[in-house]
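Structure in structure tokens, see below.
The values are calculated or read from the model by the stated rules, or taken from the named source; none is laboratory data. Keep in mind that this is a model prediction, so the values were computed, not measured. When we count neighbours, we look across all protein chains shown, and the Cβ atoms used for this are built from the backbone with ideal geometry, even at glycine. Heavy atoms of the whole protein, side chains included, go into the accessibility calculation; ligands, DNA and RNA do not. Shrake-Rupley method; radii C 1.70, N 1.55, O 1.52, S 1.80 Å.
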Amino acid sequence: MKTIAVINGPNLNRLGAREPEVYGSETLKDLEDRLTAEASALGVSLRFHQSNHEGDLVDLFGKLADEGVTGVILNGAAYTHTSVALRDAISASGLRVVEVHISNIYSREDFRKHSYTAAVAVGVITGLGFDGYSYALSHLAAL
Ligand code: DQA
């Protein structure tokens, strides 16, 4: 069975409570429950990770590559805009990564308009809320 990792970066553990006008009122658990149901219908298995620490995310990419996961759905959150280390970890892992953002990063502050990780992802989905994760999941499950 294919295994797909879902990685959420800093502050996404606070979904539901954090700026609901931007990120909605659903929680990280709501997101994970929704994706679990979709993965089961698609016949793939999911692994969920969330961390507020850049180095943990870097380590995780190495680990997932060694374990041979099929692909990764990544919301790197603020590290998207700051982390060369995360970009290098993605690149070094050789993993197929779909970058997802709940909000539309291009309609917000200028500093969110640049992503260090987008160029090493196969694609980016931004602004479609939790649906973005579902579209990324169908893409990776269909490979
Ligand atoms: C985010 C957008 C980022 O700019 C922000 O730092 C986040 C969440 C999103 O999902 O819309 O934490 O990645």
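In terms of modelled amide H atoms, which long-range or inter-chain residues lie less than 5 Å from the amide H of Ile125?
Result for Ile125 returns Glu99, Val100, His101.
Bin width 5 Å, alpha-carbon pairs only: give the P(r) of segment 39-107 as whole percents, running from 0 to the bin holding the largest distance.
All Cα pairs, binned at 5 Å, distribute as 3, 14, 27, 26, 16, 9, 4, 0 percent.
Please give every one of the lysines within straight-line cross-link reach of Lys63, meaning a C-alpha to C-alpha distance under 21 Å, and leave out same-chain neighbours fewer than 8 residues apart.
Lys2
So how do 10-16, 97-103 stack up, highest first, on mean other-Cβ count within 10 Å? Before the final figure, lay out the partial values.
On the way: 10-16: 17.0, 97-103: 23.7.
Highest mean packing first, the order is 97-103, 10-16.
For the chain, what ratio Rg/Rh do Cα atoms give with a Kirkwood hydrodynamic radius?
Details: Rg = 13.9 Å, Rh = 15.0 Å.
Ratio of gyration radius to Kirkwood radius for the chain: 0.93.
Picking from Ser93, Ser40, Ser83, which is most flexible by a Gaussian network model of the chain using Cα springs under 10 Å?
For the chain, modelled as a Gaussian network with Cα springs under 10 Å, the answer is Ser40.
For the chain, what is the calculated [θ] at 222 nm in deg cm²/dmol (nearest 500), taking -39500 (n - 2.57) for each run of four or more DSSP H residues and dividing by its residue count? Don't skip to the answer; put the middle values down first.
On the way: 5 runs with 54 residues, N = 143.
Result for the chain: -11500 deg cm²/dmol, rounded to the nearest 500.
How many percent of the accessible area of the chain is carbon or sulfur, using a 1.4 Å probe? Numbers along the way, then the final one.
Details: 3280 of 6610 Å².
Looking at the chain in its full context, I get 50 percent from C and S.
In addition: With every protein chain present, what is the per residue accessible area of segment 3-142 (1.4 Å probe, Å²)?
Roughly 45 Å² per residue, with all protein chains present.
Report for segment 1-132 the percent antiparallel among DSSP-assigned beta bridges with both residues inside it, nearest 5.
Expressed as a percentage, antiparallel bridges in segment 1-132 total about 0.
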